[in-house]
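The values are calculated or read from the model by the stated rules, or taken from the named source; none is laboratory data. All values derive from a computational prediction rather than experimental measurement. All Cβ positions, glycine included, derive from the backbone under ideal geometry; neighbour counts span all protein chains shown. Remember, those area values only see protein heavy atoms, side chains included, never the ligands or the DNA or RNA. Shrake-Rupley method; radii C 1.70, N 1.55, O 1.52, S 1.80 Å.
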Amino acid sequence: MTLAEHIRATLKLGLPLIGGQLAQTFIGVTDTVMMGWYGVEELAAVALGSSYFHLILIMGMGFSLAVMPMVAAAAARDDAVQVRRVTRMGLWIGLIFGAAALPLFWFSEAILLEARQDPQVAADAQDYLRIAGLAIWPGVLLIALRSHLSALDRPGIVLWAWLGGLVLNAFMNWVLIFGNLGAPELGLKGAAIASLGTHILIFAILALYAARGPDMAKYALFARFWRPDPQAMAQVFRLGAPIAVTLVSEAGLFMATMLLMGWIGTLELAAHGIALQIISVTFMVHIGLSSAATIRVGRAWSLGDPTGLRRAAWAALLLSGLMVAATIVLLIVAAAPLVGLFVDPTDPLRPEIIAIGVSLLIVACFFQLADAAQVMALGLLRGLQDTTVPMLYAFVAYWIVGVPLAYILGFPLGFEGEGIWAGLAIGLAGAGLVLILRYRNLSARAAFAAKA
């Protein structure tokens, strides 16, 4: 395949995945917008609670994401049995993880207080998490099914499932947060119930398709589901554990910045949550392209195609670079209107929140480039089933470089929110650089081996 053909193939696979990622993100955006209309303190609590939930979710996602390159490689060899084995054990690990994670949500207030968060915000965040935390089970399991279906060239159903979840979440938020249609006004607890219901719906759609969809019967995914497969579970665990650590390191980096912003003040924490939601919308394009790159590289690697490895990477990186350029233009031109969407027009604190949010989004222009580079590199390396060394590189970049710089720039040097975001961006940029260099070296070795 030529580079142009690889670009078309990446877009064919990646666009539905991008759409699904965007729908997933707009669920969070909907929560943030509606809570922003409800109250600034409630917005801060939901922003903190959502970050906490996603940090725990991401721990389990590593094993679910390990399913993707393994299924892609097995499907390239037409090995339906291996497809079933690794996906099933990915689901098993998700069930076990969900049970282990529940206490972290139930007792979250004490954990957040130890992290020096405002007592009222921590208490409200726990109220949110005691309900929303139950979504950890469907949340982890649906990621495993998304990986399974995407690797089998079924990204369309993933898109439709997330779109259905988006509609349900917006409706339930409108009814339960504000007490519309005769429902009680539940505030942030209403947002938590909506989040739980949304995750259950998306999981149910994907599970039904995986069991009953066209040409899916040969995988018999849920037949004798209760039977353990220690060998396949060990394979998923070995590949998924480094992915989980990498994701937790990255999510922990974002959570650390959330906590640092909480030290500055409630307004800064609310503006930080808004800015992250805006960035996350555009970033989902890179997440979708990264997943497409994992699948494309995984197939080329399984078939021993070094030229395919190189061109699949270039196709994904070029598309990601174009999106970064478009995002920078958008943030420069429309930062204030974007932040303003998330705050009630009658809120007296609106001008202050918008001013803080705009300053963060200016820094985000560099942040977007750095974050896109590192997530694309991680996707490429997962396609090669290379996860342990990238885990180490990412941990150093995030926690030895990123977090200390965020603290130093934010507090001792006095740049506050902008300094915290600058430190975050520098850590992500370091990760992107070393990871892209690693993929280049590994793919070059594959080409050399093929010629030999």
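Peptides 294-302, 17-25, ordered by how many other C-beta atoms sit within 10 Å of their residues on average, highest first, read 294-302, 17-25. Given R0 = 56 Å, the distance between the Cβ atoms of Lys218 and Phe411 translates into a calculated FRET efficiency of 0.45. When Rg and the Kirkwood Rh are both derived from Cα coordinates, the Rg/Rh ratio for the stretch 68-120 amounts to 1.36.
Show me 381-388, 203-210 ranked by packing, highest mean number of other Cβ atoms within 10 Å first.
On the way: 381-388: 22.8, 203-210: 19.2.
Going from most to least packed, we get 381-388, 203-210.
The Cα atoms of the stretch 20-130 define a convex hull whose projected area, averaged across directions, is 8.1 nm².
Surface calculation, 1.4 Å probe, protein heavy atoms: Val358 sits at approximately 40 Å² accessible. Protein-only accessible surface at a 1.4 angstrom probe places the residues Lys12, Lys189, Lys218 in the order Lys12, Lys218, Lys189, largest first.
Any idea how far apart Arg440 and Arg227 come out in nm if each label point goes 7 Å out from Cα toward Cβ? Here the answer is 4.8 nm between the modelled labels.
Between the Cα long axis of helix 80-106 and the first principal axis of the chain there is an angle of about 20°, rounded to the nearest 10.
Roughly speaking, what is the stretch gain from Leu341 to Phe178, that is 0.36 nm per residue apart minus the C-alpha to C-alpha distance, in nm to one decimal?
56.9 nm
Compute the angle between helix 119-132 and the longest alpha-carbon principal axis of the chain, please, reported from 0 to 90 degrees and rounded to the nearest 10. Taking the Cα atoms of the chain, the angle to 119-132 is about 40 degrees.
Using only Cα atoms, find the angle between the long axis of helix 3-38 and the longest principal axis of the chain, and express it within 0 to 90 degrees, rounded to the nearest 10. Rounded to the nearest ten degrees, it is 20.
Can you tell me which of 242-248, 403-409 comes out highest on packing, and rank the rest after it, using the mean Cβ neighbours within 10 Å? Present the calculation step by step, with values, prior to reporting the outcome.
Numbers: 242-248: 22.9, 403-409: 18.4.
Answer by packing, highest mean first, reads 242-248, 403-409.
In angstrom, the C-alpha Rg and Dmax of the stretch 283-417 are 18.7, 62.
Where [x] 46, 25, 18; [y] 35, 26, 20; [z] 49, 31, 17 are the candidate values, the label of the one calculated here for semi-axes √(5λ) of the Cα gyration tensor in Å is [y].
Among Asp229, Asp215, the order of accessible area from largest down is Asp215, Asp229, computed with a 1.4 Å probe on protein heavy atoms.
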